[in-house]
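Below: one structure, written as structure tokens.
Taken together, the values in this text are just the output of simple stated rules run on the coordinates, not laboratory data. Since the model is a prediction, treat every value here as computed from it, not as a measurement. Because the Cβ atoms are built from the backbone with ideal geometry, glycine has one as well, and the counts that use them run over all protein chains shown.
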Amino acid sequence: MTRGRLAAAVGLGAVLYTGAFSLVLADDLGDRRTLVVMVVAAGLIFTVTGAIAAARRPGNPTGSQMLAVGLLWSLGSLQAASGSIAFTIGYLLSALAFIPFTQLILSYPTGRLPRDDRWLVLAVAAIAVLGPLSLALFDPTPIPGCIDCPENAVLLSDEPDAAQLARIVYALVAASVAGVLFVKLVRRYRGATPPLRRIVGPVYLFTLEALAALVASSIVRTFSESTSLWLEHLALASLALMPVAFLIGILRTRLARAGIADLAIALGNGTPLRDALANALGDPSLDLAYWSTERQAWVDDEGRTLGEPLAGGGHAATFVEHGGKRVAALLYDPSLTDQRDLVDAVAATAALAFEKERLQAELRAQYRFLETVINTAPSLLSVVDTEGRIRNFNRAVEVASGHDDDRRRLEGAYFWDVFIDPAEREEMIARFRAAAPEFAPAEYENAFTDARGKDRVIAWRSAPLADESGNVVRIIAGGIDITDRKRREVDLQRQRDFANTVADTIPSFIVLTDHDANVVPFGANRAFCAAVGRSLEELSGRSFLEIVARDDEFAARMAIAGAANGVPQAERETRWVTGDGRELTVAWTATPILDQWGVARVLVSGVDVSERKRQEEELRASRSRIVDATDAARRRLERNLHDGAQQRLAALSLSLRLAESRIETDVNEATEILSQAREELTRALEELRELARGLHPNVLTDRGLGPALEALVLRSPFPVHVEAPEERLPPAIEAAAYYVAAESLANVAKYAHATEARVEIFESEDAHEIVIQVTDDGVGGADPTRGTGLRGLEDRVESLDGRLAIASPPGGGTRLRASIPVAHRVLPL
């Protein structure tokens, strides 16, 4: 309300109540004088109180509403007039004051009427207007007990029954509305916060008393006029005291502001800030929020982050500044909003304490942050006193000790009883005591078994913590659980040892080079070092290409370069030169690889194929000799057949034709010719049999190796002793043994000039081989490289994966020894 409107309302009130008191004092009201004076006095109190409230709190509609109640209340004084019209108007308008009164009560203390309560104000307005009018229409004396009242100016018809019915309906409806208002006020009070209760409590109390008295007065009026009058007096007294209660509320705010000194004293005596502020404002629900400049956020007294203080809506907020900077927010009951001066005074008085609490909240937040970091960190952190007892520790210490289910077992326990195995505790205690009193920083590792039986390894670092005098009072011991790392190191070392052992024992060559083909330190295995005739120290840092034959160096360099670019190289054969100048033929590959430190290298792996190449050459030569021997045998067979049996058979054919021509003329000569033909046929048959025995003796197939050898030596020109197994051998081995013996004896007969020979066929000691051994006492000096006979035997034996050895010193005879595996799978001849 503006000052002009307030002044006009006050002037109007002065005029109205001057007239009201003039009427009351001038007329002789009899028994009603006291009641009318109380009514006018109550209205005047509302008017004065409303004017004061409107002046003190112009933004709050409560003062205006009280002023409206007082002004409308004055209209009821017209009932004291002697004129009929004035009396009737006073009676009809006497209840209008209850309309702003109802709005005042329902909107107190904010002055804003809730939407849900508007119907109640409208109901009161209907009752205040229609109730007196309905009585005035049918009752010539609507005021009960008023015998000398002026005539009712709006009387329609004097109907006592209708008037009584209207009075009863009026009373019941008014009582019902009053009951609803009564219940609302009771519920609102019970749901109010303590500060709001202190404000609305006295006002609600007097209002409820007035409502109860008015309802009771209307009910008992039909039974007892005096009792009804007494209840009306009580209702008017309660209504008159209601604005006084409002003034007491205003006075309480001033008294509370005067008690700011008590707040300062309480803070100085160490009363917690929140408790002191709650007592000063009378708000036990009061809460505080502090502004963290570091996090640019609101935090509570423990440093926990909060939302915006005004976001929740459950509290009103006042922001506190110190030195021009925001430090805190005071969160209080919304009912204290009308006492903003008190709240601001309290906030200003406690500004320094707010700054102190804000700093403490930030410190607590930092401490809690540090505590959270320490407890969530995987590293162990413990505080040990100078006697070795654990005084503080983080979560990692609990887990590593095995006491994570009960931390009390660690509190006060000796460090070595928890983290040192019994066998090493005495040594640990001795080292700890020897470190006193300085307890210099130290690093060490120890392995132990925790309380759950799990083996652990911890790497510790300790440092002393001194007081202001420089005396060590605590030792900070930090550790890292390296159990898994140690286990991985052991496993990795085992893998390295295994790989190194495998690399050093395999016959293949392994060498590791950099991208420039230089051998990395210790990057070659034993087989490679042995093959090239150089030690690891000699090879380290030298170019791999130095051992490659010059003709093959370019190809090897390109292979290393290709692997260095990440492209695995196909197998190639290169000649390597050993330390003593020999050449090896090596089949090798170059593969990109990362070493144990993650550096890109080139892995050269190969195998010596020199022997294989030599065997391949010998195999090709052997095949060539077999082909040549086969061709020679064919030619020899053809020559023998042509020069021997063929010639004899041709001569035999001529002899038979000659005998045929002479048989009729000269029987004797024909008979002689036939006799000669028979002899020639016999010699031809013998030559054919001899030729057949040279190809493959039938006795070998039919009777076995022993009889075949016996038949062979019968034609020998010198004595031959034969020892052969009686049991049959695989056909291929029997054939090989027979031809070895036959060829050997043929060579002895041709070149050895021997007087005797010996043929022995037996199993080796391990029964895996058949040994054919032919010895003679000839001149010796046999050389397998000269001629084709011995080379043919060697080829025949090697075709069965056998070995042929010849010992023939000059003048010492010759010993030929052939060994053929028994289990070798051979093809039938």
Using per-residue counts of other Cβ atoms within 10 Å, averaged over each peptide, order 801-809, 120-128 from highest down. 120-128, 801-809
Under 28 Å from the Cα of Lys356, which lysines turn up, not counting those fewer than eight places away in the same chain? Lys325
For q = 0.22, 0.29, 0.30 Å⁻¹, what log10 I(q)/I(0) does segment 129-179 give under the Debye formula with an equal point scatterer on each alpha carbon and no solvent? -0.77, -1.11, -1.15
Near the amide H of Val822, under 5 Å away, which other amide H atoms are found, from residues 5 or more places off or on another chain, if H is placed in the peptide plane? Glu769, Ile770
Cα gyration tensor category, rounded, prolate or oblate, for segment 31-132 with a/c compared to 1.5: oblate
Which ³J(HN,Hα) values in Hz, rounded to whole numbers, follow from the phi angles of segment 428-437 under the Karplus curve 6.51 cos²θ - 1.76 cosθ + 1.60, where θ = phi - 60° and Gly and Pro get x? 5, 4, 5, 5, 5, 5, 5, 6, 5, x
Whole-Å semi-axes of segment 447-579's equivalent ellipsoid (Cα gyration tensor): 52, 19, 14
State the Cα centre-to-centre distance between segment 542-569 and segment 388-461 in whole Å. 57 Å
Mind listing the long-range amide H neighbours of Thr141? Cut-off is under 5 Å, sequence gap 5 or more, other chains count too, H placed in the peptide plane at 1.01 Å from N. none
Please list 3J(HN,Hα) in residue order for segment 576-593, calculated via the Karplus relation 6.51 cos²θ - 1.76 cosθ + 1.60 where θ = phi - 60°; whole Hz, with x for glycine and proline. 9, 9, 7, x, 9, x, 6, 10, 10, 9, 10, 9, 9, 10, 10, 10, x, 7
Using a basic spin-label model with each label point 7 Å from the Cα along Cα→Cβ, how many nm lie between Thr305 and Asp158? 8.6 nm
Spelling out what I want: for every residue of segment 480-487, take phi, set θ = phi - 60°, compute 6.51 cos²θ - 1.76 cosθ + 1.60 (Karplus), and round to whole Hz; glycine and proline get x. 10, 6, 9, 4, 5, 5, 5, 5
Could you work out the per residue convex hull volume over the alpha carbons of segment 379-503, in cubic angstrom? 123 Å³
Let me make sure I get this right: for segment 531-596, a, b and c are the square roots of the gyration tensor eigenvalues over alpha carbons, sorted descending. Under 1.5 in a/c it's rounded, otherwise prolate if a/b > b/c, else oblate. Which is it? oblate
Please work out the C-alpha center-to-center distance from segment 73-116 to segment 703-774 and express it in whole Å. 155 Å
Once amide H atoms are built 1.01 Å from N in the peptide plane, which residues 5 or more positions from Arg474, or in another chain, come under 5 Å H to H? Leu465
Sequence neighbours fewer than 8 away in the same chain don't count; with that in mind, list the lysines whose C-alpha is under 23 Å from Lys454. Lys486
Ranking request for peptides 70-76, 428-434: highest mean number of other beta-carbon atoms within 10 Å first, then the rest in descending order. 70-76, 428-434
For Lys325 and Glu438, calculate 0.36 nm times their separation in residues minus their Cα-Cα distance, and state this gained length in nm to one decimal. 36.0 nm
